[in-house]
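Participant: Please find one structure pasted underneath; my questions will follow.
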Amino acid sequence: KKGQVKLLLEMKKQIELYANLSDDELNEELFARVTKKIIVHPKKILEFHLSFLASPLFMQYKTSGRGNGYTAEFTILSKEMVAQLLEKDTENENTEAE
């Protein structure tokens, strides 16, 4: 657990570094260099492979509202949490198919 928390804090630090760049520092070239791959999973789970992280970052999102009231909320998940959520989804699909 301690190692996982340390890894998540380091990820957060790196992401904040990029998130705090000004608009003129952000460009397609930087985005292309930083982003290796993004995978969209069921259960609104996103898997980000970023060049500065040794392992992927998993986030689950939740949205609400419309127009100016639209909000998106992201929760960082561990690899184990993602596996559990996707396993439950697969179990539900298997049960429904029977």
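The values are calculated or read from the model by the stated rules, or taken from the named source; none is laboratory data. What you see is a predicted model; the values in this text were computed from it and never measured. Neighbour counts are summed over all protein chains in view; Cβ atoms, including those assigned to glycine, are modelled from backbone coordinates with ideal geometry. Side chains included, ligands, DNA and RNA excluded: accessible areas come from the protein's heavy atoms. Shrake-Rupley method; radii C 1.70, N 1.55, O 1.52, S 1.80 Å.
Participant: How many residues are exposed (fewer than 13 other Cβ atoms within 10 Å of the Cβ) and either at positive phi or within 13 Å of the chain's Cα centre (by Cα) (or both) if we restrict to segment 42-52?
Facilitator: Going through segment 42-52 one residue at a time, the tally reaches 2.
Participant: Report yes if Lys62 is at pLDDT 90 or above, open to solvent by 100 Å² or more (accessible area, probe 1.4 Å) and in contact with an Asp or Glu (Cβ under 6 Å, 6 or more places away or on another chain), otherwise no.
Facilitator: Against the criterion (at pLDDT 90 or above, open to solvent by 100 Å² or more (accessible area, probe 1.4 Å) and in contact with an Asp or Glu (Cβ under 6 Å, 6 or more places away or on another chain)), Lys62 qualifies.
Yes or no, residue by residue, for (1) in a strand (DSSP E or B); (2) modelled with pLDDT of 80 or more; (3) open to solvent by 70 Å² or more (accessible area, probe 1.4 Å); (4) hydroxyl-bearing (Ser, Thr, Tyr):
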site: Phe31; (1), (2), (3), (4): no, no, yes, no
site: Lys37; (1), (2), (3), (4): yes, yes, yes, no
site: Val40; (1), (2), (3), (4): yes, yes, yes, no
site: Ala54; (1), (2), (3), (4): no, yes, yes, no
site: Asn68; (1), (2), (3), (4): no, yes, yes, no
site: Ala72; (1), (2), (3), (4): yes, yes, no, no
site: Glu91; (1), (2), (3), (4): no, no, yes, no
site: Thr95; (1), (2), (3), (4): no, no, yes, yes
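Participant: Also, quick follow-up: Report every pair of residues separated by at least 6 positions or lying on different chains whose Cβ atoms are under 7 Å apart, first residue within segment 4-17 and closer than 12 Å to Ile76 by Cβ and open to solvent by less than 80 Å² (accessible area, probe 1.4 Å), second of a type outside the set (Asp, Glu) and not in a helix (DSSP H, G or I).
Facilitator: Taking only residues 6 or more apart or on different chains, the pairs are Gln4/Ser78; Leu8/Ile76; Met11/Leu53; Met11/Leu57.
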